[in-house]
1. Taking the condition touching a residue at least 24 places away in the same chain (Cβ under 8 Å) and not hydrophobic (A, V, I, L, M, F, W, C), does THR131 pass?
2. Return the residue satisfying two criteria in turn: it lies in the range 297-324 and is touching a residue at least 60 places away in the same chain (Cβ under 8 Å) and among the hydroxyl-bearing types (Ser, Thr, Tyr), and of such residues it is surrounded by the most Cβ atoms within 10 Å (Cβ to Cβ).
3. Which of the residues belonging to the range 135-161 are within 16 Å of the ligand (Cβ to nearest atom), of a type in the set (A, V, I, L, M), surrounded by fewer than 18 Cβ atoms within 10 Å (Cβ to Cβ) and part of a loop (DSSP other than H, G, I, E, B)?
4. I need the full set of residues from the range 25-42 which are hydrophobic (A, V, I, L, M, F, W, C) and under 13 Å from ASP99 (Cα atoms), in order please.
5. Residues to consider are LYS294, LYS197; find the one that is without any contact (Cβ under 8 Å) to a residue 12 or more places away in the chain and over 16 Å from the mean Cα position of the chain (by Cα).
6. When the range 346-373 is examined, which residues are found to be among the acidic types (Asp, Glu), assigned to a helix (DSSP H, G or I) and surrounded by 13 or more Cβ atoms within 10 Å (Cβ to Cβ)?
7. Working carefully through the options SER181, SER246, find the one that is within 16 Å of the ligand (Cβ to nearest atom), in contact (Cβ under 8 Å) with a residue 40 or more places away in the chain, within 27 Å of LEU136 (Cα to Cα) and surrounded by fewer than 20 Cβ atoms within 10 Å (Cβ to Cβ).
8. Among the candidates ILE45, ILE53, single out the residue that is under 21 Å from the mean Cα position of the chain (by Cα) and in contact (Cβ under 8 Å) with a residue 60 or more places away in the chain.
Amino acid sequence: MKEQEKTDILENVKCLVIKVGSAVLTDEEGLSVRAISRLVDQIAILHDKGLDIILVSSGAVAAGRKRLLERGITLKANDLPSKQAASAIGQCMLMHEYDNAFSRFGKTAAQVLLTRDDMQNRERFLNTRNTLQRLLEMRVIPIINENDTVAVQELKFGDNDTLSAMAVDITGADLSINLTSAQGVFDKNPDKNPEAKILSCLENIANLDLEKMCDGKTCVGTGGMYSKLRAARRVAQLGVTTIIASGQIPFVLDKIFAGEAIGTWVLAEKKKVSHRKFWLAYHTDPEGDIFVDKGAEKVLISKGSSLLSIGVTAIEGTFSAGALVRIMSAKNELIGVGLSNYDSEELALIKGKNSKEIEDILGAAPYEEVIHRDNLFLDAAL
Ligand code: GLU
């Protein structure tokens, strides 16, 4: 990547999502007021330059746990209710510190707690977007975290990396910075290879095998490097670059904006996906699989056609009409995701059949295609 390209990106940012991990905000003492204050100092400078900033902050569970320990209460197991209880305590502490720190600069912070459920429901998704937009218009700094106390395991984002990719989508941000405990993305597992180096830039992330790249130690934290790269890949699909850097470097944001070579830049993809398709692919987990033959695979990929029943060879899972499903090749490789017009039972009956036969088989043929091209997203980063 040319230096000029970096400069162009940094100079043209209007709206920035900063994700900060628990390891950056906490130390052995628990929540680090100093770490929060340093982060806020840097954010305030960028905010004063006119940037809209959305902070996605972890740290609630870690802070809550520590507070309980200080008060002599030991959380039983590492089970969900314990984590949820810890997050309820820690979230309050976290926001208290952010509020104080931003107030020193005369700035206002706002707490936004989200669950994946909120993203699944289109109305709630749009409400969230409107609220965030209004906050940004008022020059408030929204601080987003997962609403851990209510989110059930299956409906959790699970890690704030995924949540930060959603935040980029929902706010239309034009840069994403992921501050973590690692220095960036290593070219090899640094545990096994002492000569491993930080990659300064990752281009065409869609073509990289993220799981392979993330074997071993670089996968620390709740989400690990894999979830950071997967989130960065999603963000790249929106045409937005992510910088993965260590939040422990003093003045890291100042340094990034001064053009210093810090962390790993995961570059935006040239071909942008629409916000609608992004939402469609990532608002929820797929509920089943539709396997297609080679012919269908070819037209899906080369022509961007809809998926017809004739190309369907097998169905896995039980899902209703309208569900998000994975589209799998004959070789069991992911082709994409889409919203199925038919439920899994209906699909089992019409698979391999011509669209004209659907009515005879099912008694009605409300849709000609199994997945309409408008509801199809190839290259989903699942
Ligand atoms: N929501 C969790 C917390 O505030 C953190 C999840 C994460 O770090 O990815 O502690």
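1. Values: touching a residue at least 24 places away in the same chain (Cβ under 8 Å): no; not hydrophobic (A, V, I, L, M, F, W, C): yes.
So THR131 fails the test.
2. Step one: filter the range 297-324 for residues touching a residue at least 60 places away in the same chain (Cβ under 8 Å), giving 300-301, 304-309.
Restricting the remaining residues to those that are among the hydroxyl-bearing types (Ser, Thr, Tyr) gives 305-306, 309.
Working: SER305: 16, SER306: 21, SER309: 26.
Step by step, filter the range 297-324, then rank; the result is SER309.
3. VAL150, VAL152
4. VAL33, ILE36, LEU39, VAL40
5. LYS197
6. Within the range 346-373, GLU346, GLU357 qualify.
7. It is SER246.
8. On the way: ILE45 fails: under 21 Å from the mean Cα position of the chain (by Cα).
Of the residues listed, the single one that is under 21 Å from the mean Cα position of the chain (by Cα) and in contact (Cβ under 8 Å) with a residue 60 or more places away in the chain is ILE53.
Values quoted throughout were computed directly from the atomic coordinates according to the rules given, and no laboratory measurement underlies them. Being a predicted model, the structure only gives us computed values, none of them experimental. Methodologically, a virtual Cβ is constructed for each residue, glycine included, from the backbone with ideal geometry; neighbour enumeration extends over all protein chains shown.
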